[in-house]
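Only one structure is covered here, and it is reproduced in the block below.
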Number of protein chains: 2
Amino acid sequence: MSNKGQKVWKRAKGVIPGGNMILSKRPEMFLPDKWPAYYSKAKGCYIWSLDNEKFIDMSLMGVGTNILGYSNDEVDKSVIENISKGNMSTLNCSEEVELAEKLIEICSPWGEMVRFARSGGEANAIAVRIARAASGKDNVAICGYHGWHDWYLSANLQSKDELNNHLLDGLDINGVPKNLTNTVFPFEYNNFNQLEEIINSKDIGTVKMEVVRNIQPEEGFLDKVREITKKKNIVLIFDECTSGFRETFGGISKKYNINPDMSMFGKALGNGYAVTAVVGKEEIMQNAQSSFISSTFWSERAGSTAALKTLEIMEKTESWKIITNKGKYIKKCWQELANNFSLNIEISGIDALPMFNIRSESKFQYKTFITQELLKKNILASNSVYLSIAHDDNLIDFYLEELSGVFTKIRDCENGKDINDLLEGPVCQVGFKRIN
Amino acid sequence: MSNKGQKVWKRAKGVIPGGNMILSKRPEMFLPDKWPAYYSKAKGCYIWSLDNEKFIDMSLMGVGTNILGYSNDEVDKSVIENISKGNMSTLNCSEEVELAEKLIEICSPWGEMVRFARSGGEANAIAVRIARAASGKDNVAICGYHGWHDWYLSANLQSKDELNNHLLDGLDINGVPKNLTNTVFPFEYNNFNQLEEIINSKDIGTVKMEVVRNIQPEEGFLDKVREITKKKNIVLIFDECTSGFRETFGGISKKYNINPDMSMFGKALGNGYAVTAVVGKEEIMQNAQSSFISSTFWSERAGSTAALKTLEIMEKTESWKIITNKGKYIKKCWQELANNFSLNIEISGIDALPMFNIRSESKFQYKTFITQELLKKNILASNSVYLSIAHDDNLIDFYLEELSGVFTKIRDCENGKDINDLLEGPVCQVGFKRIN
């Protein structure tokens, strides 16, 4: 079988350390040696490989960028129109002002000012800079995944496992300045006592966290976080890069009725175009005026244009409701399938971004096996699904039906058959590792 | 006179701290209250304001992004074609591999591996991370402007003027972690002894510099920098974000026959689309595999697509020669004009990016006056010109003719007339300042 993508991937590893720009898109994270790796075209929830083979994407949807489906006609039209009138100039684009005003409306009543960047890591670094300037304190307590920058990875300087359980395990941090040791302190989700202890002992000026990722907040947890940060004059930042626009029109914090002091949005904001935002209270955001934060490409027009149109369509279609319902359905069906085959399944994630693991010593073998078997049916699948409004119900049912066939075989393995006999190649990688 | 742009700018300052995303595009840096501020359309070297008034851009050309002119037909066509086939997906885009291979060819023999980002600041932060990982040392000596990130601005922690004379004065750094004090050490351009002293006393692992910005390297300076860094196993990084592709097809280091260990390219690389690159030797770049450096939007397709087409056109037209010749001509004419009017002019910058200052107590008033008067002739002008192949000779002559008229009046001021009587509004801002 031809696999042009794997050939390009081999070339890539020779010219790009790690092979690509984002860990989550490495073929090794899915199905080493067999994953199609590269696309020629993407539309709706379909992706065409370099061999022009058509796949349904039941996996990452651009790692969460495309709630409106790939290559959404209206968003693309809007971007193409503005590109044709110039993506960049010595003057500014007014789309960024309109977008700021729209985000402020969405983040009412707490959102009052906005800065834009082009990647989520940047938005996180900008937010931390502004919060440190506002609080006058360098120390930050964090919970969740907040990107690749020095400030965040420095948490692993204290001990190399500090950031495990905050999404990605084994984050190596060579080259992060060792002077940053003891400036960033991770706390466990739902462990308010730990956060309180860190706040009381570490002179914390900023708390940055994902509102919710894999598990739901326990009763009162978020309220207590808001209360203590308010009382101690700590800047509370919600990183909504992943959670934003998936369950509400804006931050998922809306669902829990908690207002942060700042939030970051990215990923889905421009439906596949590079644009990210930091939104915050005016008194905090104005501290950007005493800290040099400036970059040429933050001013290009495509990103703001894409975001404006994306938000318009999201609001019109109430896309967050659609994807939440689809996700709820998938969660329910996963559970039913697992029950049918007596598999011990763990289902987690917010509804629009459901994920599962089969509780077993062989869980990574099973994950790999699922990818391997569904790929044969032209489905790109892993153990999580970033839903889009383009995932129509028939496609989801087709995916679930095919998954059912794989679950049968996994049951056989749980009953004594060797999963390694079924795997046609190496097991998927987990976390950050050197690849050759 | 209607000025929609200034109205939008007032709105912007209410919703965006500092008003926009890049200091250099603040209207206050040009002509407070009067600069058109926003564009509706840009094409070639023309920009249309929100009032649909047409201007010739004899100033920053997107702050250096558009060597092939605004909205270059071929680049736009290529990007639009790929956008229509999907800007983003769960799979990678093969354009990034092609672009890496092209940059390696351009940076032969030293360039062997590449990483991409979306902004110059990011590319700089990635390069420093990799260099610190490679050298095993945190301390960096720097010369020039390298962005807004903590690592760079931390130089101003030692004393707040450390970064003056490295392009931008008065960079405020609230929110940069104070633990980073004494990790980054600026040295003056052409001051090899100072660099040597820093290297010998500060356990430097990395030297990062602009190869050339405003003044030419003295005989042997760059060779000595290369020599000492090689001898001491220090990673030498050339920041070519601004200088790249303006005097050679690639880094300006080619002109001086000095090979760095790493370089960053940005600005002109994608002719107005957001894409930046870190190029380096394999043994150094592979250290990225022991340091988590990953971001979703670094994988979008528009940037790599734009860069591939931009490089193709640059190579075909030998654009660097064209803009260098245009710049040489402008420098010569500026000097002639100054001579004619007995003005004491200081001309600097690489040829394709010439700049001038009139040596006088009133130099900022004169700069403002030039902008004010040329704006009346529908020319966007300051005291530097980023040349593009779209700046045709007639336009340049038109600009020079109009400038001649302004120089006459400046001569009168040097001879006793009060420049403040000629200014119709406030003087332009210089460097980083709070604006309201």
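The values are calculated or read from the model by the stated rules, or taken from the named source; none is laboratory data. Remember, it's a predicted structure, so these values are computed and weren't measured experimentally. Counting neighbours? That spans all protein chains shown, and the Cβs are built from the backbone with ideal geometry, glycine included. Please note that ligands, DNA and RNA were not included when accessible areas were found on the heavy atoms of the full protein model with its side chains. Shrake-Rupley method; radii C 1.70, N 1.55, O 1.52, S 1.80 Å.
Points worth noting:
- Hits in the range B:362-394 - residues which are acidic (D, E) and under 16 Å from B:F407 (Cα atoms): B:E373
- Restricted to the range B:1-90, the set of helices (runs of 4 or more DSSP H) holding at least 3 residues that are within 30 Å of B:T305 (Cβ to Cβ) comprises B:61-64, B:73-84.
- Assessment of the range B:146-160 against the conditions (assigned by TED's automatic domain parsing to the domain that holds B:K254, among the small types (G, A, S) and within 22 Å of B:P260 (Cβ to Cβ)) yields at least one matching residue.
- Positions within the range A:1-49 being more than 9 Å from chain B (Cβ to nearest Cβ), closer than 24 Å to B:E105 by Cα and of a type in the set (S, T, N, Q), in sequence order: A:Q6
- Of the residues making up the range B:209-220, at least one is open to solvent by 50 Å² or more (accessible area, probe 1.4 Å) and among the β-branched types (V, I, T).
- Residues (closer than 25 Å to A:K326 by Cα and more than 10 Å from every other protein chain (Cβ to nearest Cβ)) located in the range A:52-68: A:K54, A:I56, A:I67, A:L68
- Tally, over the range B:88-127, of residues that are among the charged types (D, E, K, R) and either at pLDDT below 95 or crowded, with 24+ Cβ neighbours inside 10 Å (or both): 4
- The range B:354-386: number of residues that are out of contact with any helix residue (DSSP H, G or I) (no Cβ under 7 Å at 6 or more places or on another chain) and of a type outside the set (V, I, T): 12
- In summary, B:Y386 fulfils each of the numbered conditions (1) surrounded by 23 or more Cβ atoms within 10 Å (Cβ to Cβ); (2) free of Cβ contacts under 8 Å to residues at least 60 places away in the same chain; (3) in contact with a Gly (Cβ under 8 Å, 6 or more places away or on another chain) with the single exception of condition (2).
- The number of residues in the range B:221-237 that are within 13 Å of B:Y189 (Cα to Cα) and open to solvent by 80 Å² or more (accessible area, probe 1.4 Å) comes to 1.
- Evaluation of B:N3 against (1) at pLDDT 95 or above; (2) open to solvent by 10 Å² or more (accessible area, probe 1.4 Å) (one fails), failing number: (1)
- Among the residues of the range B:113-137, those identified as facing chain A (nearest Cβ under 7 Å), closer than 11 Å to A:N174 by Cβ and not aliphatic (A, V, I, L, M) are B:R129, B:R132.
- In the set (1) out of contact with any helix residue (DSSP H, G or I) (no Cβ under 6 Å at 6 or more places or on another chain); (2) open to solvent by 30 Å² or more (accessible area, probe 1.4 Å), the condition left unmet by B:F265 is number (2).
- Extreme residue, least open to solvent (accessible area, probe 1.4 Å), among residues of the range B:54-87 that are touching a helix residue (DSSP H, G or I) at 6+ places or on another chain (Cβ under 9 Å) and charged (D, E, K, R): B:D76
- B:T181 buried (at least 23 other Cβ atoms within 10 Å of the Cβ) and within 14 Å of chain A (Cβ to nearest Cβ): no
- One residue stands out in the range B:69-106 among those that are within 25 Å of the chain's Cα centre (by Cα) and on the phi > 0 side of the Ramachandran plot: the one that is nearest to the other protein chains (Cβ to nearest Cβ), namely B:S71.
- Identification of strands (runs of 3 or more DSSP E) wholly contained in the range A:215-321 with 2 or more residues that are more than 14 Å from chain B (Cβ to nearest Cβ) yields A:235-239.
- Residue within the range B:318-336 that is among the β-branched types (V, I, T), outside the structural domain of B:E96 (by TED's automatic domain parsing) and open to solvent by 10 Å² or more (accessible area, probe 1.4 Å) present: yes
- Just so you know, in the range A:393-403 the residues that are open to solvent by 30 Å² or more (accessible area, probe 1.4 Å) and in contact with a helix residue (DSSP H, G or I) (Cβ under 9 Å, 6 or more places away or on another chain) include one that is nearest to A:M29 (Cα to Cα), and it is A:E402.
- Selection from the range A:407-432 of residues that are open to solvent by 80 Å² or more (accessible area, probe 1.4 Å), in a loop (DSSP other than H, G, I, E, B) and within 15 Å of A:T368 (Cβ to Cβ): A:E424
- Residues in the range B:139-165 that are open to solvent by 10 Å² or more (accessible area, probe 1.4 Å), under 19 Å from B:E197 (Cβ atoms) and within 12 Å of chain A (Cβ to nearest Cβ): B:N139 only.
- Test for A:M264: is it in the same structural domain as A:E312 (by TED's automatic domain parsing) and over 13 Å from the mean Cα position of the chain (by Cα): no
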